[in-house]
Structure formats: C-alpha cells, structure tokens
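This report refers to the structure that appears directly beneath it.
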Amino acid sequence: AKVRLQLSGQEVWRVCTVLNELLHIRKAFTTIKDLYPVLFSISQDVKPFSSLAQEIERCVNQDGDVLDDASINIAAIRREKIELQKTINKVLQDILNSDTYSKAVQDHVITMRNDRYVIPVKREFKDTIQSVVHDQSDSGLTLFVEPTRVIDLNNRLQILQSDEKKEIARILLYLTDLVAKAAPDIEKSLAIAGH
C-alpha cells in the first residue's frame with residue numbers, strides 16, 4: 001500500500017481485521033486498567049482506527065468482494081446489470097419456448113459462452129434461428145448460438161461488466177490510499193501491541 005500497489009479486496013479486508021484487533025487490544029486494557037496500570041498506559045499508545053475500519057467494512061466484505069454500498073456508481077452498474085440479465089433471459093426463454101423454434105432447440109437451457117448468453121441448437125437447424133455461433137458440443141451435434149435479438153443486449157452487458165471492473169479497481173485504489181496514509185501509525189500501533 002505504501003508504494004501505491006493496489007491491494008486486493010482480500011488484502012484490504014485483512015488490514016481491516018488487524019485494525020479491529022488493535023481496537024480490541026486497546027479496549028481490553030481499558031477494562032483492567034486498575035489491575036495493570038503500566039500495561040494500560042502502554043496500550044493507550046495503540047491508536048484506534050475505527051473510522052478506517054468502518055470505511056473498509058462499508059466497501060468490502062470478509063471475502064474481499066466490493067460491496068454495492070462502496071459507491072453510487074457500482075450500485076447503479078450492478079442494478080442495470082441485473083435488469084439487463086433479466087431482459088436477456090426473458091428474450092432467450094421466449095425463443096426456447098416458441099413453437100417456431102421447437103425443432104431447432106437442443107435443450108431448454110440458457111448458458112454462457114465467451115461471456116455471452118447463448119442457447120443450444122441442433123446443428124442441422126442452425127439456420128432456423130438468426131444467430132451467431134459461439135461454440136459447439138464435444139460431439140459437434142449441438143451449437144451454442146447467440147440469437148441476433150440479444151446481440152445488442154449482450155454487448156451492453158459486456159460494457160457494464162467492463163465498467164464494473166474499472167469501478168472496483170477505483171474503489172480498491174481508494175482504500176489502498178487510505179491504508180497507505182495510515183500505514184506509519186498502523187505499524188507503530190502493531191509494534192506497541194506486540195510489546
């Protein structure tokens with residue numbers, strides 16, 4: 001963090017865990033200050049980093065995933081992604097359930113190929129549905145196609161996924177900067193806690 005190499009979500013969470021432990025140490029000695037006044041006095045040099053820990057907890061969960069609350073942008077992107085995925089699924093379900101395409105459809109499943117939503121179609125009926133072929137089964141009898149009706153929707157989804165990655169990187173860099181600014185005090189507090 002000090003050399004401004006972006007921390008991963010897991011690394012940011014590990015920093016948060018350490019900050020919370022430092023706070024627990026400080027509080028623990030407060031409860032027994034009358035019994036151990038010297039240790040209490042030393043423990044008060046362990047700084048509380050509650051605001052930094054709270055900011056990390058607002059942005060990242062214990063698995064290191066960036067949360068929707070981390071920024072207005074990430075929340076908006078994810079909402080739009082969910083709505084778009086519902087729309088894509090509805091269009092593809094309509095195709096799968098259509099009598100017009102019943103002979104062409106291999107299975108009534110929607111799957112992903114090359115990060116795009118596709119449906120399985122029997123090879124001999126590939127021209128029945130206007131589509132782009134993305135993959136085929138091991139046997140070659142089934143093609144995984146992207147109907148032209150969802151190409152623009154899948155394109156928009158790709159853009160949103162790219163925007164989401166950029167926003168996640170921006171949030172993690174922001175948290176890395178916060179950790180970097182607090183790093184000298186965190187290191188000092190860790191040394192005191194160790195002592």
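The values are calculated or read from the model by the stated rules, or taken from the named source; none is laboratory data. Here the structure is a predicted model, which is why all the values come from computation and not from measurement. Here Cβ is always computed from backbone atoms with ideal geometry, including for glycine, and neighbour counts include all displayed protein chains. Surface accessibility is based on the protein's heavy atoms, side chains included, excluding ligands, DNA and RNA. Shrake-Rupley method; radii C 1.70, N 1.55, O 1.52, S 1.80 Å.
Of note:
- With respect to the chain, whose longest principal axis is taken over its alpha-carbon atoms, helix 148-194 is tilted by about 10°.
- Dipole of the chain, positive end: most advanced residue of PHE144, ALA1, VAL18 [Cβ charges, Cα centre]: ALA1
- Dipole magnitude of region 70-144, debye to nearest 20 (Cβ charges: Lys/Arg +1, Asp/Glu -1, about Cα centre): 220
- The convex hull of the Cα atoms of region 106-195, projected and averaged over all directions, covers 9.9 nm².
- Whole-Hz ³J(HN,Hα) from phi, Karplus 6.51 cos²θ - 1.76 cosθ + 1.60, for region 126-136, glycine and proline x: 4, 7, 5, 10, 5, 6, 10, 7, 10, 6, 9
- Under a 5 Å amide H cut-off, with hydrogens placed 1.01 Å from N, SER131 pairs with THR148 among residues at least 5 apart or on other chains.
- Within-9-Å neighbourhood charge of ASN154 [Cβ basis; K, R +1; D, E -1]: -1
- Per residue accessible area of region 10-152, 1.4 Å probe, in Å²: 61
- Against the chain, whose longest principal axis is taken from its Cα atoms, helix 50-59 shows a tilt of about 0°.
- Cα-derived Rg to Rh of region 33-82, Kirkwood definition: 1.36
- Dipole in debye (nearest 20) - region 1-117, about Cα centre, beta carbon charges: Lys, Arg +1; Asp, Glu -1: 240
- What you get for the chain, charging only the Cβ of Lys and Arg (+1) and of Asp and Glu (-1), is a dipole of about 260 debye around the Cα centre.
- Fraction of accessible area attributable to carbon and sulfur, the chain (%, probe 1.4 Å): 52
- Per-residue ellipticity at 222 nm computed for the chain from its helices equals -20500 deg cm²/dmol, with DSSP H segments shorter than 4 residues left out and the rest contributing -39,500 (n - 2.57).
- Relative to the globular-protein estimate of 2.2 N^0.38 Å, the Cα radius of gyration of the chain stands at 1.61.
- Contour excess over end-to-end distance, with Cα ends at LEU67 and GLU124 and 0.36 nm allotted per residue: 16.0 nm
- Across the options GLY64, GLN85, VAL118, the greatest Cα extent toward the positive end of the charge dipole of region 50-136 (unit charges at beta carbon of Lys, Arg, Asp, Glu) belongs to VAL118.
- Hypothetical label at ARG58: residues of region 1-15 whose amide nitrogen lies under 15 Å (7 Å Cα-Cβ projection): none
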